[in-house]
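Inspection log for the structure reproduced underneath, given as structure tokens.
Please treat every number below as a calculation from the coordinates, not as lab data. Model, not experiment: these values are computed from the prediction. As a convention, Cβ positions derive from the backbone with ideal geometry for all residues, glycine included, and neighbour counts pool all protein chains shown.
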């Protein structure tokens with residue numbers, strides 16, 4: 001998100017709409033479930049930048065080698081990307097501050113408009129997929145906004161089912177193959193877990209972030225969280241956190257661009273069941 005518009009996206013706060021090509025045909029419902037991406041596409045983290053570029057992020061690699069530019073987004077020339085989630089097929093769903101949702105290929109960054117109708121004029125939105133049950137192939141896309149609270153998007157018709165207002169107001173979301181749902185409030189540096197049944201939230205971790213934060217997003221990989229935050233002086237930095245071990249480090253001080261959206265599918269690797277993740281990380285762990 002990008003303040004003040006949302007927890008990931010543009011600081012313009014714009015709610016104007018406008019496609020690059022207003023005559024582009026909307027996809028039929030059946031198209032929305034077609035697995036167009038290669039299987040490995042669902043096993044990486046993806047980032048979208050303030051200047052509308054799509055990147056992949058591989059936490060197993062050192063430094064800037066982890067970031068790979070896929071290409072520029074040409075979804076909407078009149079507005080800015082605001083948030084993103086990634087499904088099991090490796091398809092990125094990118095929300096713009098024009099209140100429109102686009103399906104984006106993680107292979108070439110090509111965009112397809114959708115028939116999604118945003119349930120509010122507030123263009124602040126957090127979004128993330130999580131499995132319906134631990135290890136399940138079925139997944140659910142959750143969205144959160146101060147305009148309507150917590151909701152889900154149904155596939156293939158992209159209808160919104162509002163679950164009600166939420167005590168967190170608005171936050172960025174992410175999930176995983178373990179069927180858990182997490183929310184990040186960047187201005188307070190607080191990570192919460194949301195109970196999908198009761199909708200209650202509990203504080204998991206307080207992040208040390210530079211203040212004020214103007215752009216933020218986060219993702220999960222192998223049991224760790226990756227927070228991307230930018231202040232008003234420069235590009236985003238990446239903070240790596242192991243919540244269970246209560247460890248935090250600045251992984252990358254400057255990633256070279258401003259991250260406004262991040263997401264991973266429910267296929268990314270889970271935490272090593274042995275609880276020893278040293279061998280999984282090039283630097284030997286935290």
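Counting neighbouring Cβ atoms within 10 Å and putting the fewest first, the residues 51, 97 line up as 51, 97. The Cα center of the range 137-193 and the Cα center of the range 100-119 differ in position by 18 Å. What is the range 78-144 by shape, rounded, prolate or oblate, if you read a ≥ b ≥ c off the alpha carbon gyration tensor as root eigenvalues and call it rounded for a/c under 1.5, prolate for a/b larger than b/c, and oblate otherwise? Cα axes put the range 78-144 in the oblate bin. Tell me whether the range 29-280 comes out rounded, prolate or oblate; compute the Cα gyration tensor, take square roots of the eigenvalues as a ≥ b ≥ c, and use a/c under 1.5 as the rounded threshold. Rounded.
What is the range 116-179 by shape, rounded, prolate or oblate, if you read a ≥ b ≥ c off the alpha carbon gyration tensor as root eigenvalues and call it rounded for a/c under 1.5, prolate for a/b larger than b/c, and oblate otherwise?
Oblate is the answer for the range 116-179, as a/c is 1.5 or above yet b/c matches or exceeds a/b.
Sorting the segments 73-79, 159-165, 184-190, 197-203 by their residues' average number of neighbouring beta-carbon atoms within 10 angstrom, most packed first, yields 184-190, 73-79, 159-165, 197-203.
The distance from the alpha carbon centre of the range 37-96 to that of the range 203-269 is 15 Å, rounded to a whole number.
When 86, 122 are sorted by how many other C-beta atoms sit within 10 angstrom of their C-beta, beginning with the fewest, the order is 122, 86. When 195, 87, 178, 68 are arranged by Cβ crowding within 10 Å, least crowded first, meaning fewest neighbours, the order is 195, 68, 178, 87.
Residue separation times 0.36 nm, minus the C-alpha to C-alpha distance between residue 232 and residue 203: what's the value?
Taking 0.36 nm per residue and subtracting the Cα distance, the gain is 7.8 nm.
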